[in-house]
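Below is one structure, written out as structure tokens; comments come after it.
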Amino acid sequence: MYAPSELKTIPSHVAIIMDGNGRWARKRGLPRVMGHREGVKRVREVVRAAREIGIRVLTLYAFSQENWRRPQAEVSALMDLLQSYLVSQLDEMLSNRISLRAMGDLARLPETVGNTLRDTIERTSGNSEMILNLALSYSGRHEIAQAAKRIAADCLDGSISPGDVDEELFSSYLFTADYPDPDLVVRTSGELRLSNFMLFQAAYSELYITPVLWPDFNRQEFMKALMDLQGRERRFGMTSEQLKPCTVNGS
Ligand code: FPP
């Protein structure tokens, strides 16, 4: 059992690809939606843990643009779960001073979910302890393409010039403009892919891939991922020697 006090460094931004709900259900002979339902419980548990630990931004990949291609009944069930999650968690977000944000092609969400989402974002916007950022109808490539489109438009209207375009400016056109890049990207259920998730922002993120299916990814599993990060050296392209603190006279 790991305790938050064992963490030497607390990542500023953790992003999670929640995968394996369907397999969890299938293993039990249950309909897929039961896996998603159990998955929502882990969302609550991990959000609470992240808030307690002091993580500033938690991004959860809840629904990709590609997920719209799933059977209509499953898409509806996921939208219903999202709607009831938002309604049921508002009080907790307010009392724990969590600010809800969302990124993705939100116009595609059903009207009720879109309205509840906007309302929750607005009502929690004054909270500053933690940002819970839900990736909904999200695609990393689409995000990059829309940033490029807006940059081109701003070049045309003269508010920026092509020479201004660098990595920092580009980042400021992404959904995540206000947040640091993720220090850690977690993926459950063992697949070795990014699945179109935060393609620009995850350039230097540490990856933690676990075979544990999302509905089994409890607080302890989350702690394990954070503990795993502790032992890693993030070099950002430099050498280990460059990262070591300078020593004077061997001290
Ligand atoms: C992937 O499992 C999971 C999803 C597509 C949805 C994730 C959604 C939740 C955890 C619940 C709703 C979220 C919130 C924030 C309330 P999968 O269905 O692809 O699993 P499989 O690969 O085993 O089939």
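Of the residues I160, I144, the single one that is at pLDDT 95 or above and either over 22 Å from the mean Cα position of the chain (by Cα) or loosely packed, with under 15 Cβ neighbours inside 10 Å (or both) is I160. Would region 168-186 turn up any residue that is over 24 Å from T59 (Cα atoms), open to solvent by 30 Å² or more (accessible area, probe 1.4 Å) and either part of a loop (DSSP other than H, G, I, E, B) or away from the ligand (no atom under 16 Å from the Cβ) (or both)? Within region 168-186, not a single residue is over 24 Å from T59 (Cα atoms), open to solvent by 30 Å² or more (accessible area, probe 1.4 Å) and either part of a loop (DSSP other than H, G, I, E, B) or away from the ligand (no atom under 16 Å from the Cβ) (or both).
Conditions tested, residue by residue: (1) assigned to a strand (DSSP E or B); (2) crowded, with 22+ Cβ neighbours inside 10 Å; (3) modelled with pLDDT of 95 or more; (4) more than 13 Å from the ligand (Cβ to nearest atom).
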residue: H36; (1), (2), (3), (4): no, yes, yes, no
residue: K41; (1), (2), (3), (4): no, no, yes, no
residue: E45; (1), (2), (3), (4): no, no, yes, no
residue: R51; (1), (2), (3), (4): no, no, yes, yes
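T116 satisfies every condition listed in (1) within 11 Å of the ligand (Cβ to nearest atom); (2) open to solvent by less than 50 Å² (accessible area, probe 1.4 Å); (3) not acidic (D, E) except (1). Within region 229-242, residues that are under 24 Å from I209 (Cα atoms) and basic (K, R) have Cβ atoms under 6 Å from residues that are in a loop (DSSP other than H, G, I, E, B) and open to solvent by less than 80 Å² (accessible area, probe 1.4 Å) in no pair, counting only partners at least 6 apart in sequence or on another chain.
Residue-level check: of (1) open to solvent by 40 Å² or more (accessible area, probe 1.4 Å); (2) under 16 Å from the mean Cα position of the chain (by Cα); (3) of a type in the set (G, A, S), S137 misses just (1). In a helix (DSSP H, G or I) and within 18 Å of the chain's Cα centre (by Cα): does that describe Q83? In short, no.
Only one of the listed residues (I131, I209) is closer than 29 Å to Q83 by Cα, surrounded by 12 or more Cβ atoms within 10 Å (Cβ to Cβ), β-branched (V, I, T) and in contact with a Gly (Cβ under 9 Å, 6 or more places away or on another chain). That residue is I209. Within region 115-131, the residues that satisfy the criterion of being in contact with a helix residue (DSSP H, G or I) (Cβ under 9 Å, 6 or more places away or on another chain) and assigned to a helix (DSSP H, G or I) are T116, L117, R118, D119, T120, R123.
Checking region 93-100 against the condition returns a match, with at least one residue being without any contact (Cβ under 8 Å) to a residue 40 or more places away in the chain, farther than 29 Å from Q146 by Cα, away from the ligand (no atom under 15 Å from the Cβ) and outside any helix (DSSP H, G or I). Every condition in (1) open to solvent by 20 Å² or more (accessible area, probe 1.4 Å); (2) in contact (Cβ under 8 Å) with a residue 40 or more places away in the chain holds for M103 except the one numbered (1).
In region 55-65, is there at least one residue being more than 9 Å from the ligand (Cβ to nearest atom), more than 14 Å from the chain's Cα centre (by Cα) and either within 21 Å of G190 (Cβ to Cβ) or not aromatic (F, W, Y) (or both)? Walk me through it before giving the result.
Of all residues in region 55-65, those more than 9 Å from the ligand (Cβ to nearest atom) come to 55-59, 65.
Next, only the ones that are more than 14 Å from the chain's Cα centre (by Cα) stay: 65.
Then keep just the ones that are either within 21 Å of G190 (Cβ to Cβ) or not aromatic (F, W, Y) (or both); that gives 65.
Looking through region 55-65, at least one residue is more than 9 Å from the ligand (Cβ to nearest atom), more than 14 Å from the chain's Cα centre (by Cα) and either within 21 Å of G190 (Cβ to Cβ) or not aromatic (F, W, Y) (or both).
The values are calculated or read from the model by the stated rules, or taken from the named source; none is laboratory data. Please read all numbers here as calculations on a predicted model, not as lab measurements. Every residue, glycine as well, gets a Cβ built from its backbone with ideal geometry; the counts of neighbours run over all protein chains shown. Surface accessibility is based on the protein's heavy atoms, side chains included, excluding ligands, DNA and RNA. Shrake-Rupley method; radii C 1.70, N 1.55, O 1.52, S 1.80 Å.
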